[in-house]
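What follows is a single structure, written as structure tokens, with notes after it.
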Amino acid sequence: MEFKHISVLLNETIEGLKIKPNGIYVDCTLGGGGHSLEIAKKLKNGRLICIDQDIEAIEAAKIKLSDYIENITFVKSNFKYFCEILDELEIDKVDGILMDIGVSSHQIDKEDRGFSYIHNSELDMRMDQSQELTAKYIVNNYSGEELTNIFYKYGEEKWSKRIAEFIVEKRKDKEIRTTFDLVEIVDKAVPVEVRRKSKGHYSKRVFQALRIEVNNELGVLEEVLPKMVDCLNLGGRLCVITFHSLEDRIVKNIFKDLNTSCICPPEIPICVCNKKKKIKIISRKPIVPSQEEMEQNPRSKSAKLRVVERVRD
């Protein structure tokens, strides 16, 4: 098995983590292991925790990181269980955390995973293949209103209602089973002139929305980010790479809130909310790939890296 994945914003992320040789670091989205490999190279007496819900990613990374295996612990899980994972490993605080949000190149390119509109395969889109909910179940069982909301909220798709209506109508005849079945429906639902003006494949927004729904990506992100900050040592860094505006907006807003002290109304002379600033924002603006990286890896074009550091309350 070959797990192909080009790590995005690699140098910028490693620099952002400010790695200490004896520190404890967590890669919450192991993927192809590129970021983890560079972290491991900088550790001497330190420790690296590698988390991924995809067993294929873990098995491939064990080979890639074999030279540093004595300093690494691999955990098959979703990063939403971050605190529970640290408790299980008897770790209180860590010195750095990395999150590279979204689907890996390997998952997109592997035809039987159902993430891509380019390959014809069964609609799946599960990052954790042991879970029950799949994209096929969603398109065949969710109501038209639920589908409309998913496509609009997670895909920012202007034609959400029409696409949902076409899906509901089509599944009356037969089950919508494959990625190409879905692409065909989207093509029929969206006017030709609209599709022609679209940058890239028009189905990408629908596929993105389904993937987010299947894996509860945004809900998990909102829930876990504040908890991760609480698990950082003073001076510890959290680096988050996002690939679309919905993710980045969530990260930006959470970091803004954690960077704020006191939210009492101005008319109240004394603070009663007791809110304390927890982080310092290192990257005031998101760090984006260089022109060279975007040319070498087109999938990096939408990537944004945000870096924060834990401070005293």
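The values are calculated or read from the model by the stated rules, or taken from the named source; none is laboratory data. This structure is a prediction, so every number in the text was calculated from the model and none was measured. Cβ placement follows ideal geometry from the backbone for every residue including glycine, while neighbour counts extend to all protein chains displayed. Note: areas computed on protein heavy atoms with side chains; ligands, DNA, RNA excluded. Shrake-Rupley method; radii C 1.70, N 1.55, O 1.52, S 1.80 Å.
Quick notes
- Candidate set: the stretch 133-180, residues that are over 20 Å from Arg113 (Cβ atoms) and among the hydroxyl-bearing types (Ser, Thr, Tyr); chosen: the one least open to solvent (accessible area, probe 1.4 Å): Ser160
- Arg205 being open to solvent by 70 Å² or more (accessible area, probe 1.4 Å) and touching a helix residue (DSSP H, G or I) at 6+ places or on another chain (Cβ under 9 Å): yes
- Within the stretch 65-85, being touching a residue at least 60 places away in the same chain (Cβ under 8 Å) and assigned to a helix (DSSP H, G or I) holds for Phe79, Lys80, Phe82, Cys83.
- The residues on offer are Ser283, Ser290, Ser261, Ser245, and the sole one that is open to solvent by less than 100 Å² (accessible area, probe 1.4 Å), more than 17 Å from Thr29 (Cβ to Cβ), touching a strand residue (DSSP E or B) at 6+ places or on another chain (Cβ under 7 Å) and polar (S, T, N, Q) is Ser283.
- Hey, Lys62 more than 18 Å from the chain's Cα centre (by Cα) and in a helix (DSSP H, G or I) or not: yes
- Just so you know, in the stretch 107-129 the residues that are outside any loop (DSSP other than H, G, I, E, B) and touching a helix residue (DSSP H, G or I) at 6+ places or on another chain (Cβ under 7 Å) include one that is modelled with the highest pLDDT, and it is Glu122.
- Per-region count, the stretch 279-313, residues at pLDDT 95 or above, touching a helix residue (DSSP H, G or I) at 6+ places or on another chain (Cβ under 7 Å) and assigned to a loop (DSSP other than H, G, I, E, B): 3
- Residues that are open to solvent by 100 Å² or more (accessible area, probe 1.4 Å) and either under 15 Å from Ile241 (Cα atoms) or of a type outside the set (Lys, Arg) (or both), drawn from the stretch 293-313: Glu295, Gln296, Arg299, Lys301, Asp313
- Filtered residue count, the stretch 186-199, keeping only those that are open to solvent by less than 10 Å² (accessible area, probe 1.4 Å) and part of a helix (DSSP H, G or I): 2
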